[in-house]
1. Starting from segment 57-75, keep only residues that are charged (D, E, K, R), then list their pairs with residues that are exposed (fewer than 12 other Cβ atoms within 10 Å of the Cβ) and part of a loop (DSSP other than H, G, I, E, B) whose Cβ atoms are within a distance under 6 Å, requiring at least 6 positions of separation or different chains.
2. Select, from 81, 60, 50, 74, the only residue that is in contact with a His (Cβ under 9 Å, 6 or more places away or on another chain) and outside any loop (DSSP other than H, G, I, E, B).
3. How many residues, within segment 6-26, are touching a residue at least 24 places away in the same chain (Cβ under 8 Å), surrounded by 14 or more Cβ atoms within 10 Å (Cβ to Cβ), over 23 Å from residue 69 (Cβ atoms) and out of contact with any Pro (no Cβ under 7 Å at 6 or more places or on another chain)?
4. Does residue 96 satisfy the condition of being β-branched (Val, Ile, Thr) and within 11 Å of the ligand (Cβ to nearest atom)?
5. Can you run down the residue pairs with Cβ atoms below 6 Å, 6 or more apart or on separate chains, where the first is in segment 27-43 and farther than 16 Å from residue 82 by Cα and the partner is at pLDDT below 95 and assigned to a loop (DSSP other than H, G, I, E, B)?
6. Within segment 6-42, can you find the residues that are part of a loop (DSSP other than H, G, I, E, B), β-branched (Val, Ile, Thr) and away from the ligand (no atom under 13 Å from the Cβ)?
7. How many residues are touching a Gly at 6+ places or on another chain (Cβ under 7 Å), open to solvent by 50 Å² or more (accessible area, probe 1.4 Å) and free of Cβ contacts under 8 Å to residues at least 40 places away in the same chain if we restrict to segment 80-92?
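The values are calculated or read from the model by the stated rules, or taken from the named source; none is laboratory data. Being a predicted model, the structure only gives us computed values, none of them experimental. Glycine also receives a Cβ, built like all others from the backbone with ideal geometry; neighbour counts cover every protein chain displayed. When the accessible area is computed, the model is the full protein with side chains, heavy atoms only, and any ligands, DNA or RNA have been set aside. Shrake-Rupley method; radii C 1.70, N 1.55, O 1.52, S 1.80 Å.
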Amino acid sequence: MSVSGTGTYEPGNIFARILRGEIPCNKVFENDYVLAFHDISPKAPVHVLIIPKKPYVSFIDFSKTASAEEIAAIMQATGHIAASLDLEESGYRVITNAGHNAGQEVPHFHLHLMGGKALPAFPG
Ligand code: 5GP
């Protein structure tokens with residue numbers, strides 16, 4: 001079920017629980033600002049979720065309230081992960097879903113990194 005991309009951060013969401021170590025994830029990358037892990041229901045051979053460690057609901061929330069260091073960190077981490085998973089030459093897609101019209105399911109801002117095959121024409 002989709003969620004609103006606005007409103008108060010809900011600390012019980014699944015990514016908050018992953019960040020607190022309450023449920024496991026298949027980790028790809030971690031630093032002070034960012035955690036990245038494989039999507040539990042991958043839509044491509046490579047499907048990694050990249051999330052800030054601090055609580056932001058959506059892209060707008062993140063872009064308005066995150067520090068410059070956090071914003072830089074998620075971009076740098078995403079590029080690093082794409083390269084480290086050998087996606088640079090074959091190609092890849094980075095997207096975020098925000099709110100109902102985009103079908104956001106988890107109300108913690110995240111990027112989807114997908115590749116490993118020819119992806120359907122966007123938006124599919
Ligand atoms: P959204 O629709 O919010 O952009 O994407 C949420 C993503 O989180 C979905 O692709 C979904 O498969 C993934 N997801 C949901 N629950 C879990 C979980 O418990 N673990 C992992 N690794 N991914 C999850």
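1. If the second residue must be exposed (fewer than 12 other Cβ atoms within 10 Å of the Cβ) and part of a loop (DSSP other than H, G, I, E, B), no pairs are left.
2. After ruling out the rest, the residue left standing is 50.
3. Residues meeting the conditions: 1.
4. Taking the combined requirement at face value, the residue satisfies it.
5. none
6. Within segment 6-42, 6, 8 meet the criteria.
7. 1
This table checks each residue for (1) on the phi > 0 side of the Ramachandran plot; (2) at pLDDT 95 or above; (3) open to solvent by 40 Å² or more (accessible area, probe 1.4 Å).
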{"position": "60", "(1), (2), (3)": "no, yes, yes"}
{"position": "68", "(1), (2), (3)": "no, yes, yes"}
{"position": "74", "(1), (2), (3)": "no, yes, no"}
{"position": "77", "(1), (2), (3)": "no, yes, no"}
{"position": "99", "(1), (2), (3)": "yes, yes, no"}
{"position": "107", "(1), (2), (3)": "no, yes, no"}
{"position": "112", "(1), (2), (3)": "no, yes, no"}
{"position": "123", "(1), (2), (3)": "no, no, yes"}
